[in-house]
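The values are calculated or read from the model by the stated rules, or taken from the named source; none is laboratory data. Everything quoted here is computed from the prediction, not taken from an experiment. Heads up, the Cβs are rebuilt from the backbone with ideal geometry, glycines too, and the neighbour counts pull from every protein chain shown. To get the accessible areas, we keep the full protein, side chains included, count just its heavy atoms, and leave off ligands, DNA and RNA. Shrake-Rupley method; radii C 1.70, N 1.55, O 1.52, S 1.80 Å.
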Amino acid sequence: MNRFQKIFSRNRKVAVGYATSGCPTADESLEFMRGMISGGADILELGVPFSDPTADGPVIQQSSQTALRNGFTVSKAFDIASALRSEYPDLGLVLFSYYNPIFSMGPEVFAERARKAGVDGVLIVDVPFEERSEIEPVLNEHGIELIPLVSPATGPERMKKITANCRSFIYYITVRGVTGTRSTLPDDLQQHLAALRKVSSAPVAAGFGISSPETARAAAAGADGIVIGSAFVKIQLDDTLPAAGKRSRAEALAKLCFGAVR
Amino acid sequence: MKNTHYDIYGGQYVAETLMPALDELTAAYEKYRNDPGFTAEMNAFLADYVGRESPLYFAERLTEHCGGAKIYLKREDLNHTGAHKINNTLGQALLARRMGKKRLIAETGAGMHGVATATVAARFGFECEVFMGEADIRRQQPNVERMAMLGAKIRSVTSGTGTLKDAMNEALRDWVATVEDTFYVIGTVAGPAPYPAMVKEFQSVIGREARRQILEKTGKLPDEVIACVGGGSNAMGIFAGFENDPSVKLVGVEAAGMGLETGHHAASINGGRVGVLHGSKSYLLQNDDGQVLDAYSVSAGLDYPGVGPEHAYLHDSGRAQYTAVTDEKAIEAFDLLCRLEGILPALESSHAVAQAIVNAPRLGKDRAIVVCLSGRGDKDMENIRAYKAGNKILTCD
């Protein structure tokens, strides 16, 4: 069993948290992620900042620009991953990236460095099923899973193709739109999740728009886990808080929202 | 159609939410591109609404000035809305109408594609929103006003450097949330498949006409066809007419801005390396870590860090050559065309004219060069005035 399979076999809802690596600095983001983990995150998605985050809303856009302005490089994401891996042996570690930083480094070099850093999975926002073959085999050779994304626009046939042979979990995008917090989730969320269940037995984590105990519970009802992103990143961007304050706010938010689905 | 790549270039690097929309678009495009009813409708609008065919004009005094090959200008500046952009927006709007979409969105840099989209939206009764970087809104005021008069809503984009790349990012973000009723009218031969092939096909009318016209006028094929390349739609349109004529040299002209060596340019092929942006793999201006760099050109329409994937392919295969022309040389060419021919070209097109001025003297007087004069320059007057006043340009910073 890989780490994802172990985490999803614990018989409780899985808590996935996203934070932007290097925002506002690499060290502060690492400390912030520790707070998310002590608040209950089972899997951490390390956002790799990109200059042109076309699938992200204003919060993650801003965090990416802040990180890049403060000298973020992809190497620093590997450093953060290595640190987390040595401190938390059971933590699921995912790099959440756009394709160009990976392509620029070279998929082979990227996969090798990710493996050495203890990364379990990679999620690439702008690599759909159609383009997967140029990166997935390389990742798999290094024991890393490419996490498939399914959206409300994805029909049943396509769901089947995308989720076949999934050895990690399916990231279900709850809304049509970019990342960001929302007060409610779509009415037909459960129907979509049910449709996904019909075609795949892989575990499902639902993300996008979840930021409160209410939205967390709504999303968790038909899924095996939930992902919270922008709500954490908002805290990362809060200039009024010192690093320690951000860490404790992250821990509190994790306890509140992840706790609501446990 | 599953031919989404040009060798290693092209592809569909987009969020999963957009894939079903691209599949729907591909299916509709494949269905209608060879549909006689669609073609007839398109041709009728091209003739009576756009004003095609556009003339192929012998630039006699420019030719004399250069002292070499005869220079012919394909006058896309005489189209309705003043540029080649409408050939494409017309095609996409007719397709959107058949697909039952209610709303058109577009990105724009210089504003020409925005105006062309707003125009067809008005003509066919679509809602229309145009995404435009705030820096471009400042330097292209006349086009902003034109779009507003045509009933389009302008969405000012403040992220990044507020130029074309950021406008395209924002249009993609909008489309992810609105795919069901919205058609994204991409203005160039970039973006995910099927856009590069579809936009080429809608623009290929330029090359088809130009080939026939030059044969009528000179009895033979030209030696060179020259066009400016930002994303590359006017170039791909005119190249399309000559791609199967191996004797015709195809020349794409990128914007060298302040000079390739300065790093302040928009020459993706001459100064970038292969990368992935906005849905396709092509040459891209980027740093060592794969972060996209800001392009720079005096011409807002060329100010884009990427280039259409088929251009990358034509470059690698050697079928087309890609040169680069600085702001300074483009403005000299602009002046020359104004004074010698009474034609005020767009700054984008001035880059192609500048290359023709260099190439013509190298060829004999019995030779011919066809230049795609992709648009008119009225929109650029303020920029040119500022540049000449020594302020260089109204930059984004």
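For the range A:124-234, please list each of the helices (runs of 4 or more DSSP H) lying entirely inside it that holds at least 1 residues being open to solvent by 40 Å² or more (accessible area, probe 1.4 Å) and acidic (Asp, Glu).
On the way: elements: A:136-141, A:156-163, A:189-199, A:213-220.
Once the helices (runs of 4 or more DSSP H) in the range A:124-234 are filtered for at least 1 residues that are open to solvent by 40 Å² or more (accessible area, probe 1.4 Å) and acidic (Asp, Glu), what remains is A:136-141, A:156-163, A:213-220.
Tell me yes or no: at least one residue of the range A:240-257 is assigned to a strand (DSSP E or B), surrounded by 24 or more Cβ atoms within 10 Å (Cβ to Cβ) and either at pLDDT below 95 or among the hydrophobic types (A, V, I, L, M, F, W, C) (or both). Steps first, please.
Initially, the range A:240-257 is screened for residues assigned to a strand (DSSP E or B), giving none.
Within the range A:240-257 (the criterion being assigned to a strand (DSSP E or B), surrounded by 24 or more Cβ atoms within 10 Å (Cβ to Cβ) and either at pLDDT below 95 or among the hydrophobic types (A, V, I, L, M, F, W, C) (or both)), the answer is no, since none of the residues qualifies.
Check B:Ala135 against each of (1) surrounded by fewer than 21 Cβ atoms within 10 Å (Cβ to Cβ); (2) part of a helix (DSSP H, G or I); (3) not acidic (Asp, Glu) and name the one condition it does not meet.
Status for B:Ala135: all satisfied but (1).
I need the full set of residues from the range A:101-113 which are surrounded by fewer than 24 Cβ atoms within 10 Å (Cβ to Cβ) and either within 18 Å of A:Leu44 (Cβ to Cβ) or within 11 Å of another protein chain (Cβ to nearest Cβ) (or both), in order please.
Correct list: A:Phe103, A:Ser104, A:Met105, A:Gly106, A:Arg113.
If I filter the range A:186-194 for residues that are aliphatic (A, V, I, L, M) and either within 14 Å of chain B (Cβ to nearest Cβ) or under 25 Å from A:Leu84 (Cβ atoms) (or both), do I get at least one hit? Talk me through it step by step, then tell me what you get.
First, pick out the residues of the range A:186-194 that are aliphatic (A, V, I, L, M): A:189, A:193-194.
Checking the rest, the ones that are also either within 14 Å of chain B (Cβ to nearest Cβ) or under 25 Å from A:Leu84 (Cβ atoms) (or both) come to none.
No - not one qualifying residue is present in the range A:186-194.
Based on what the data block shows, is A:Pro148 of a type outside the set (D, E, K, R) and under 17 Å from B:Val14 (Cβ atoms)?
Values: of a type outside the set (D, E, K, R): yes; under 17 Å from B:Val14 (Cβ atoms): yes.
Here the answer is yes, as A:Pro148 does meet what is asked.
I'm trying to understand the selection: among the residues of the range B:25-47, which are surrounded by fewer than 13 Cβ atoms within 10 Å (Cβ to Cβ) and either among the aromatic types (Phe, Trp, Tyr) or closer than 24 Å to B:Lys217 by Cα (or both)?
Listed by number, the residues that qualify are B:Asn43, B:Ala47.
Quick test for you: out of B:Ile269, B:Ile206, B:Ile214, B:Ile238, pick the one residue that is open to solvent by 10 Å² or more (accessible area, probe 1.4 Å), of a type in the set (Val, Ile, Thr) and part of a helix (DSSP H, G or I).
On the way: B:Ile206 fails: open to solvent by 10 Å² or more (accessible area, probe 1.4 Å); B:Ile214 fails: open to solvent by 10 Å² or more (accessible area, probe 1.4 Å); B:Ile238 fails: open to solvent by 10 Å² or more (accessible area, probe 1.4 Å).
Answer to the selection: B:Ile269.
Restricting to strands (runs of 3 or more DSSP E) lying wholly in the range B:277-385: which have 3 or more residues that are surrounded by fewer than 24 Cβ atoms within 10 Å (Cβ to Cβ)? Lay out the reasoning, then the answer.
Details: elements: B:279-284, B:320-326, B:368-373.
In the range B:277-385, the matching strands (runs of 3 or more DSSP E) lie at B:320-326.
What is the one condition in (1) surrounded by fewer than 24 Cβ atoms within 10 Å (Cβ to Cβ); (2) farther than 30 Å from A:Arg132 by Cα; (3) touching a residue at least 60 places away in the same chain (Cβ under 8 Å) that B:Ile71 does not satisfy?
(1)
When the residues of the range B:161-191 are narrowed to those that are of a type in the set (Gly, Ala, Ser) and surrounded by fewer than 22 Cβ atoms within 10 Å (Cβ to Cβ), which ends up farthest from the other protein chains (Cβ to nearest Cβ)? Walk me through it before giving the result.
Taking the range B:161-191 as the starting set, the residues that turn out to be of a type in the set (Gly, Ala, Ser) are B:162, B:167, B:171, B:177, B:187, B:190-191.
From what's left, surrounded by fewer than 22 Cβ atoms within 10 Å (Cβ to Cβ): B:162, B:177.
Details: B:Gly162: 13, B:Ala177: 4 Å.
Among those that are of a type in the set (Gly, Ala, Ser) and surrounded by fewer than 22 Cβ atoms within 10 Å (Cβ to Cβ), it is B:Gly162.
Would you say B:Ala106 is of a type outside the set (Lys, Arg) and outside any strand (DSSP E or B)?
Details: of a type outside the set (Lys, Arg): yes; outside any strand (DSSP E or B): no.
Answer is no for this residue.
Consider A:Lys116 against the criteria (1) closer than 30 Å to A:Gly40 by Cα; (2) surrounded by 17 or more Cβ atoms within 10 Å (Cβ to Cβ); (3) more than 14 Å from every other protein chain (Cβ to nearest Cβ): it satisfies all of them except one. Which criterion is unmet?
For A:Lys116, the failing item is (2).
Of all residues in the range A:77-100, count the ones that are more than 14 Å from chain B (Cβ to nearest Cβ) and within 15 Å of A:Ser168 (Cβ to Cβ).
Number satisfying all stated conditions: 4.
Could we say that B:Ala116 is in a helix (DSSP H, G or I) and either more than 14 Å from every other protein chain (Cβ to nearest Cβ) or modelled with pLDDT of 95 or more (or both) here?
Details: in a helix (DSSP H, G or I): yes; either more than 14 Å from every other protein chain (Cβ to nearest Cβ) or modelled with pLDDT of 95 or more (or both): yes.
Against the criterion (in a helix (DSSP H, G or I) and either more than 14 Å from every other protein chain (Cβ to nearest Cβ) or modelled with pLDDT of 95 or more (or both)), B:Ala116 qualifies.
Residues to consider are A:Arg158, A:Arg132, A:Arg176, A:Arg167; find the one that is over 24 Å from B:Gln12 (Cα atoms) and basic (Lys, Arg). Talk me through it step by step, then tell me what you get.
Values: A:Arg158 fails: over 24 Å from B:Gln12 (Cα atoms); A:Arg132 fails: over 24 Å from B:Gln12 (Cα atoms); A:Arg176 fails: over 24 Å from B:Gln12 (Cα atoms).
Step by step, each of A:Arg158, A:Arg132, A:Arg176, A:Arg167 is checked, and only A:Arg167 is over 24 Å from B:Gln12 (Cα atoms) and basic (Lys, Arg).
Working carefully through the options A:Pro148, A:Pro152, A:Pro203, find the one that is over 13 Å from the mean Cα position of the chain (by Cα) and either at pLDDT below 95 or within 13 Å of another protein chain (Cβ to nearest Cβ) (or both). Steps first, please.
Working: A:Pro148 fails: over 13 Å from the mean Cα position of the chain (by Cα); A:Pro203 fails: either at pLDDT below 95 or within 13 Å of another protein chain (Cβ to nearest Cβ) (or both).
Only one candidate qualifies: A:Pro152.
One residue is enough: does the range B:332-352 have a residue meeting the conditions over 21 Å from B:Glu53 (Cβ atoms) and among the β-branched types (Val, Ile, Thr)?
no
What residue, of B:Gly301, B:Gly318, B:Gly342, B:Gly308, is without any contact (Cβ under 8 Å) to a residue 12 or more places away in the chain, more than 14 Å from chain A (Cβ to nearest Cβ) and within 22 Å of B:Ser204 (Cβ to Cβ)?
After ruling out the rest, the residue left standing is B:Gly318.
For the range A:85-107, what are the residues that are in a helix (DSSP H, G or I) and among the polar types (S, T, N, Q)?
Step one: list which residues in the range A:85-107 are in a helix (DSSP H, G or I), which gives A:85-87, A:99-105, A:107.
Answer for the range A:85-107, where residues must be in a helix (DSSP H, G or I) and among the polar types (S, T, N, Q): A:Ser86, A:Asn100, A:Ser104.
Quick check on the range B:142-160: of everything there that is in contact (Cβ under 8 Å) with a residue 12 or more places away in the chain and farther than 27 Å from B:Gly125 by Cβ, which residue is most open to solvent (accessible area, probe 1.4 Å)? Show your work before the answer.
Keep residues of the range B:142-160 that are in contact (Cβ under 8 Å) with a residue 12 or more places away in the chain, which gives B:142-144, B:146-147, B:150-158, B:160.
Then keep just the ones that are farther than 27 Å from B:Gly125 by Cβ; that gives B:158, B:160.
Values: B:Thr158: 92, B:Gly160: 45 Å².
Only one residue fits best here, namely B:Thr158.
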